[in-house]
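S.K.: This is the structure I want to talk about, given as structure tokens.
The values are calculated or read from the model by the stated rules, or taken from the named source; none is laboratory data. For clarity, every value in this text was computed on a predicted model and none was experimentally measured. As a convention, Cβ positions derive from the backbone with ideal geometry for all residues, glycine included, and neighbour counts pool all protein chains shown. These accessible areas exclude ligands, DNA and RNA; they are computed on the full protein's heavy atoms, side chains included. Shrake-Rupley method; radii C 1.70, N 1.55, O 1.52, S 1.80 Å.
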Amino acid sequence: MTKQKSDKIDAPLPPDELAARLAEVFALIGPLYRRAYRKVETSETIEGLSVGVRTVLEVLRAYDAPLTVPQIGRSLAVSRQFVQRTVNDAAALGYVESVPNPAHQRSSLIRLTDSGRAAVGAVLAREHDVLRQVGGELTAADLDSCVHVLTNLLALVDHVDVN
């Protein structure tokens, strides 16, 4: 590749061209999200996790600390009401439990139980095995670029109120 062509690839795009290229990204994200969601839905019957319960368990696992329902909602950009229903489902399965919140009496902390930690761990391990099968000779730079683009797109809609 010539230096001139390399510079053109690395140069920021003009707004109209950027908008068209980002529309291509959105056109791929929708089907990818829906198919992945469906795949998760059909394969997670082993642990009895809905997509919502799995997501809440992942957040609690990632933070490695109990969180309030509003904190979980903010981290996922979903409504507090949705998180509360999902937490109730997870509690019914024995995957989370409510514990007193010393900072706020009316907003309990939600924490993973050992069975919840095991269930989400099993799901993530199975998902890791599937993701290992992705081909295309992807590089760290490819993934860094993908994360960079998606982070910028998320920032564009970060202000949207989910409640």
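S.K.: Testing THR45 on (1) modelled with pLDDT under 90; (2) open to solvent by 70 Å² or more (accessible area, probe 1.4 Å); (3) in a helix (DSSP H, G or I), one condition comes back false. Which one is that?
M.R.: (3)
S.K.: Right, another one. For the range 138-148, how many residues meet the condition of being within 19 Å of the chain's Cα centre (by Cα) and assigned to a loop (DSSP other than H, G, I, E, B)?
M.R.: 0
S.K.: Also, I was wondering about something else. Which residue is farthest from GLN84 (Cα to Cα), if the candidates are limited to the range 139-163 and must be at pLDDT below 90 and open to solvent by 100 Å² or more (accessible area, probe 1.4 Å)?
M.R.: The selected residue is LEU156.
S.K.: Which ones in the range 99-115 are surrounded by 14 or more Cβ atoms within 10 Å (Cβ to Cβ), at pLDDT 95 or above and over 30 Å from ALA155 (Cβ atoms)?
M.R.: Listed by number, the residues that qualify are ARG111, THR113.
S.K.: Out of all the residues in the range 55-80, which are among the polar types (S, T, N, Q) and more than 20 Å from TYR37 (Cβ to Cβ)?
M.R.: Passing the criteria: THR68, GLN71.
S.K.: Say whether the condition of being at pLDDT below 90, farther than 30 Å from LEU124 by Cβ, open to solvent by 60 Å² or more (accessible area, probe 1.4 Å) and in a helix (DSSP H, G or I) is met by at least one residue in the range 10-32.
M.R.: Looking for residues that are at pLDDT below 90, farther than 30 Å from LEU124 by Cβ, open to solvent by 60 Å² or more (accessible area, probe 1.4 Å) and in a helix (DSSP H, G or I), one finds at least one in the range 10-32, hence yes.
S.K.: Among the residues of the range 119-137, is any free of Cβ contacts under 8 Å to residues at least 24 places away in the same chain, open to solvent by less than 90 Å² (accessible area, probe 1.4 Å), closer than 17 Å to ALA65 by Cα and in a helix (DSSP H, G or I)?
M.R.: No, because not a single residue in the range 119-137 is free of Cβ contacts under 8 Å to residues at least 24 places away in the same chain, open to solvent by less than 90 Å² (accessible area, probe 1.4 Å), closer than 17 Å to ALA65 by Cα and in a helix (DSSP H, G or I).
S.K.: Go through the residues of the range 59-74 one by one and say whether even a single one is of a type in the set (D, E, K, R), within 24 Å of THR151 (Cα to Cα) and surrounded by fewer than 12 Cβ atoms within 10 Å (Cβ to Cβ).
M.R.: Within the range 59-74, one or more residues are of a type in the set (D, E, K, R), within 24 Å of THR151 (Cα to Cα) and surrounded by fewer than 12 Cβ atoms within 10 Å (Cβ to Cβ).
S.K.: Let me ask something else. Which members of the range 88-118 meet the condition of being touching a residue at least 24 places away in the same chain (Cβ under 8 Å) and in a loop (DSSP other than H, G, I, E, B)?
M.R.: Those that are touching a residue at least 24 places away in the same chain (Cβ under 8 Å) and in a loop (DSSP other than H, G, I, E, B): LEU93, TYR95, ASN101, HIS104, SER107, SER108.
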